[in-house]
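Participant: Before we start, here is the structure in question, set down as structure tokens.
The values are calculated or read from the model by the stated rules, or taken from the named source; none is laboratory data. As the structure is a prediction and not an experimental result, all values here were calculated from the model. Please note: Cβ atoms are built from the backbone with ideal geometry, for glycine as well, and neighbour counts cover all protein chains shown. Protein only, heavy atoms only, side chains kept; ligands, DNA and RNA dropped before computing areas. Shrake-Rupley method; radii C 1.70, N 1.55, O 1.52, S 1.80 Å.
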Amino acid sequence: MDRLEVQETYEFAADGSDRYTQDLVYKVLTPAGVQNWKELSIRWSPWRDSKPAMRARVIAPDGTAYTLDPATITDTAVQDESADVYSDERVL
């Protein structure tokens, strides 16, 4: 079975701004886990959020670490199923 650990941190400043951080650590132990964890994404709305930052590192069974190249991260508009819904929501 694959294992997952999640740590979330909320920071609030005196000026009313906030910062949310989520750290995911998971260990993929099965071929099904490889399929389930093959991508990461986060949704955000420019009108209320700053563009999120994303980092990823994979450690292979032999202990070799691979860091995600930030140039491979894309940012695109979220497509709503309804043509009547307009949103600025994006996905990174």
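Participant: Only sites in a loop by DSSP and with at most 15 other Cβ atoms within 10 Å count here; which chymotrypsin sites (Phe, Trp or Tyr not before Pro) in segment 1-66 make the cut?
Facilitator: TRP37, TRP47
Participant: Averaged across orientations, what area in nm² does the convex hull of the alpha carbons in segment 1-80 project? Let's see the in-between values first.
Facilitator: Numbers: hull surface 30.5 nm².
So the mean shadow area of the Cα hull is 7.6 nm².
Participant: Once every DSSP H run of n ≥ 4 in the chain is given -39500 (n - 2.57) and the sum is divided by its residues, what mean residue ellipticity at 222 nm do you get, rounded to the nearest 500 deg cm²/dmol?
Facilitator: Here the helix-only value at 222 nm equals -1500 deg cm²/dmol.
Participant: Whenever you get a sec, compute what percent of the accessible area on the chain sits on carbon and sulfur atoms (1.4 Å probe).
Facilitator: Carbon plus sulfur share of accessible area: 50 percent.
Participant: Further question: If R0 is 41 Å, what FRET efficiency do you get for VAL58 and ASP84 from their C-beta distance, rounded to 0.05?
Facilitator: Once rounded, the FRET efficiency stands at 0.50.
Participant: Normalising by the residue count of the chain, find the relative contact order in percent from Cα pairs under 8 Å and 6+ residues apart.
Facilitator: 23
Participant: Still on this structure, I have one more. Find, among the trypsin sites (Lys or Arg not before Pro) in the chain, those assigned to loop by DSSP (not H, G, I, E, B) with at most 11 other beta-carbon atoms within 10 angstrom.
Facilitator: On the way: sites: ARG3, ARG19, LYS27, LYS38, ARG43, ARG48, ARG55, ARG57, ARG90; in loops: LYS38, ARG48, ARG55.
Here the trypsin sites (Lys or Arg not before Pro) that fit, given the DSSP loop and packing criteria, are LYS38, ARG48, ARG55.
Participant: Going through segment 1-87, which GluC sites (Glu not before Pro) have at most 15 other Cβ atoms within 10 Å and a DSSP loop state?
Facilitator: Answer in residue order: GLU39, GLU81.
Participant: Write down the accessible area per residue of segment 1-66 in Å², having rolled a 1.4 Å probe over the full set of protein chains.
Facilitator: Averaged over the residues of segment 1-66, the accessible area is 91 Å².
Participant: Also: At 0.36 nm per residue, and after removing the present C-alpha to C-alpha distance, how many nm does the segment from GLN35 to TRP47 gain when stretched out fully? Walk me through the intermediate numbers first.
Facilitator: Details: separation 12, 0.36 × 12 = 4.32 nm, distance 3.33 nm.
Length gained, GLN35 through TRP47: 1.0 nm.
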